[in-house]
Each structure stands twice: as structure tokens, then as C-alpha cells.
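Enquirer: Following this message is one structure expressed as C-alpha cells.
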Amino acid sequence: PEALKKMMGAEYVVDTALSSPPQLWVIRYQWRADASQVSLLKLFYMIHGVVYPSPTPLLLVESRLSKASHHLHRAFDSTRRAFDLARRAGADDAEELPPVSNGNGMGFLPPPLLPLLPPPAR
């Protein structure tokens, strides 16, 4: 192993600090410039014998934002539908609006209808 650390080039190394054998192995693909200088290129993980590439931080943030956007869109859409139904029924006050379901079996009341107020004077 000491002779390998003196070589230059790309290498795969099992990260023993992050791995928990035999279920999970974390594999580092790295570039070794000399015995002490190593640059991480990619991470892989192996679960039950199947190797997967680790997602990049950009992909993780993109996925989280996409999920949040989807749920916000559904919430606004169901609230809009409740207001449309209430307007057709002639409801003028928030207490007259029907409860709205967010699609997960949880109901909520839409916010009260507030009159538009002029902006505060400066």
C-alpha cells in the first residue's frame, strides 16, 4: 500500500470512514498528484453488490427545489379551485368558503378574503 501512495494517477479507494460493510461501501475515485496531494473526482456507493454514482450537490438541490415547487403548485391550484367554487356559489366571506383538501387527505381552510388596502404612506 505504501508503494501505491508514491504513484501518480487515477485511483479507486474504499472510504473506510464512511463505509459500513457488508451492506454499504463508499468508493472514492480520485487523482493522486503525489504522496500527500489527492483530488476527489467522483464518489460512488455500493449497496448489496450494486454500484451507484453519488449525486452531485447541484442535483440534490435541483431535486429538492423541484419537489417543493410541485407541492406549492398543487397547494395554490387547490386553493384557487376553492375560491372559484366559492365565487360561483356567491360566498363573500372566508367563513362561507368550503374546506380544501391538499390531496394527502389533510384538509385546511383557505386564508380569509381581505380587502385590498392601499400601501402605507411614507
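Enquirer: Restricting the search to region 32-43, which residues are of a type in the set (Lys, Arg) and open to solvent by less than 80 Å² (accessible area, probe 1.4 Å)?
Expert: 32 - this is the single residue of region 32-43 that is of a type in the set (Lys, Arg) and open to solvent by less than 80 Å² (accessible area, probe 1.4 Å).
Enquirer: Still on this model: In region 44-91, what residues are out of contact with any Leu (no Cβ under 8 Å at 6 or more places or on another chain), hydrophobic (A, V, I, L, M, F, W, C) and exposed (fewer than 13 other Cβ atoms within 10 Å of the Cβ)?
Expert: 50, 51, 58, 59, 60, 61, 65, 68, 72, 76, 89
Enquirer: Of the residues 24, 41, which is free of Cβ contacts under 8 Å to residues at least 24 places away in the same chain and either of a type outside the set (Lys, Arg) or in contact with a Leu (Cβ under 9 Å, 6 or more places away or on another chain) (or both)?
Expert: 24
The values are calculated or read from the model by the stated rules, or taken from the named source; none is laboratory data. Quick caveat, the model's predicted, so the values are computed rather than measured. Note: ideal-geometry Cβ built from the backbone for every residue, glycine included; neighbour counts use all protein chains shown. Remember, those area values only see protein heavy atoms, side chains included, never the ligands or the DNA or RNA. Shrake-Rupley method; radii C 1.70, N 1.55, O 1.52, S 1.80 Å.
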